[in-house]
Amino acid sequence: PVLPVIVNALYFDEDAYEAKCQRTPTKDLVKKIRVKDRQTLYCAGGIGAGLIASFLTCGVSIIGCVFSARHVNVLRQQIKIMDGIIKNRELSHYLNVASVVSLLRLLQADESLRSLLRTEDHHTNGRIYPDLCSPRYT
């Protein structure tokens, strides 16, 4: 677990991470976001402790602060990627549901329109649509 943190601190490949997150279920992405939020908080605490300790270590602990700051930056990028994927999944789910509902409404409207247009009685003289000027409708 320590090696990926060091590698990500030196170089973070957003495309590879996004491809990895695309394969991850939404439930696991939400859990990962919570973990990344906690890690960000811990890194912020590490930065503060390193700055306080820099007085005692004659500035050597600032190296740890720089590493923690870079780690916070990587964590924020990871959270942003995961959050974007979750929003896209929710939006596509919403659009799928909305499109099905819209399609059903259109089909119902289309069916009622067809039944209206196909109404025939003795006032329409066999035409497909009712004559609105006939004595029945006036």
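No lab work stands behind these numbers, since they all come straight from the coordinates. It should be emphasised that the depicted structure is a prediction, and the values quoted were computed from it without experimental measurement. For neighbour counting, all protein chains shown are included, and Cβ atoms are generated from backbone atoms with ideal geometry for every residue, glycine included.
The figures follow:
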{"quantity": "Other-chain or far-sequence residues with amide H under 5 Å of THR24's (modelled H)", "calculated": "none"}
{"quantity": "Signed unit charges on C-beta, dipole axis of region 34-92, positive-most listed residue SER54, ALA44, ILE85", "calculated": "ILE85"}
{"quantity": "Table column - 3J(HN,Hα) (Hz), region 33-38, Karplus curve with 6.51, -1.76, 1.60, x for Gly and Pro", "calculated": "4, 4, 5, 5, 4, 5"}
{"quantity": "Under the Karplus curve 6.51 cos²θ - 1.76 cosθ + 1.60, θ = phi - 60°, whole-Hz ³J(HN,Hα) for region 56-72, x wherever Gly or Pro sits", "calculated": "7, 9, 6, x, 5, 6, 5, 4, x, 5, 5, 4, 5, 5, 5, 5, 4"}
{"quantity": "PHE12 long-range amide H proximity, modeled H, under 5 Å", "calculated": "none"}
